Amino acid sequence: MSTRARQAGISYVEALLAVVVLAVGMVPALDALQTAFTSATITEELLSGQQQIASRMEEVAAEPFSNLDDAALAAGSETVASSYSAPAGPDRVVVFLSRYDGDNADADDNPFTGTDEGLIWVRVSMENTVHELTTLVSQ
């Protein structure tokens with residue numbers, strides 16, 4: 001019998017080559033895992049913000065219309081935060097209220113002039129983000 005036929009197991013070079021192949025293959029796998037963890041964190045933050053905004057919108061919409069109307073008049077403009085906004089801080093939820101021109105009776109195509117009685121525009125947003133919800137509340 002030749003020495004080659006009796007040889008069993010693997011050589012040092014073969015083992016070293018296998019380790020190198022595994023190490024090279026692990027780099028993209030670890031990069032993919034890091035990307036997945038980063039994406040999960042970002043998604044969690046986005047969902048948390050959306051839930052806060054939706055919750056605040058439900059609270060505001062449940063308020064009596066007369067309270068919303070008073071707050072809209074006090075704010076004076078659709079770009080001024082109302083008294084329903086959270087105090088300053090991180091992840092501040094801001095509520096904007098304004099009377100709304102639903103029928104465009106003044107024909108100026110501006111929904112915030114010539115407003116209708118009994119119709120309030122509500123926008124709830126997370127400060128310094130693009131997250132927002134907008135709705136109309138009627139009397």
Problem set entry | Selection from the stretch 86-139 of residues that are of a type in the set (A, V, I, L, M, F, W, C) and surrounded by fewer than 11 Cβ atoms within 10 Å (Cβ to Cβ) | 88, 105, 107, 130
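Anything in the stretch 79-135 that is of a type in the set (Val, Ile, Thr) and touching a residue at least 24 places away in the same chain (Cβ under 8 Å)? List them, or say none. It would help to see each step written out before you state the result.
Going residue by residue through the stretch 79-135, those that are of a type in the set (Val, Ile, Thr) are 79-80, 93-95, 113, 115, 120, 122, 124, 129-130, 134-135.
Selection gives 93, 94, 95, 120, 122, 124, 129, 135.
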Exercise. Has the stretch 40-60 got at least one residue that is in contact (Cβ under 8 Å) with a residue 60 or more places away in the chain and among the basic types (Lys, Arg)?
Worked result: yes
Seminar exercise, completed: Considering residues that are closer than 17 Å to residue 68 by Cα and either out of contact with any helix residue (DSSP H, G or I) (no Cβ under 8 Å at 6 or more places or on another chain) or aliphatic (A, V, I, L, M) (or both), the number found within the stretch 122-135 is 5
Seminar exercise, completed: For strands (runs of 3 or more DSSP E) lying entirely in the stretch 63-139, having 1 or more residues that are at positive phi picks out 116-126
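No value in this document is a laboratory result; all are computed from the given coordinates. These figures come from a predicted structure and were not determined experimentally. Ideal geometry is used to build each Cβ from the backbone, glycine not excepted, and the neighbour counts take in all protein chains shown.
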